[in-house]
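To start, the structure under review is shown below, and the notes come after it.
Read-outs: derived from the displayed coordinates by stated rules, not from any lab. From a predicted model like this one, the values you see are computed outputs, not experimental measurements. Counting neighbours? That spans all protein chains shown, and the Cβs are built from the backbone with ideal geometry, glycine included.
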Amino acid sequence: MITREDVEHVAELARLELTAAEKEQFIAQLNNILAYFEKLNELDTSDVEPTSQVIPMSNVFRDDAVQPSLDRTKVLQNAPEESHFFFKVPRIIEE
């Protein structure tokens with residue numbers, strides 16, 4: 001059972017300021033949700049296979065096929081700076 005203290009604790013964690021009426025509303029709503037879960041616990045699911053999806057899923061990615069890569073000189077034309085066929089970027093690690 002959800003108490004006023006539970007709602008106040010979660011509101012504090014979420015940095016929410018709730019009025020007294022909002023707290024009472026959340027207490028009622030959350031307790032209704034918990035009661036529904038208790039109702040669901042009454043179902044016999046011993047013959048139901050656990051799943052992570054309710055509908056069948058299939059891989060939507062394309063086949064990994066070898067393709068020609070981009071021309072290095074054309075790609076480096078977009079680089080602000082290049083060095084030895086690589087993009088040259090500013091150093092970001094401080095010593």
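For a test of the definition: using alpha carbon positions, the gyration tensor, and the 1.5 limit on a/c, classify the chain as rounded, prolate or oblate. Note, shape of the chain comes out oblate.
Partner lysines whose Cα lies under 26 Å from the Cα of residue 88, excluding those fewer than 8 positions away in the same chain, are identified as 74.
In the chain, helical runs assigned H by DSSP with n ≥ 4 each contribute -39500 (n - 2.57); averaged across all residues and rounded to the nearest 500, the mean residue ellipticity at 222 nm is -12000 deg cm²/dmol. Taking the charge dipole of the chain about its Cα centre, with +1 at Lys and Arg Cβ atoms and -1 at Asp and Glu Cβ atoms, the residue from 33, 76, 53 reaching farthest to the positive side is 76.
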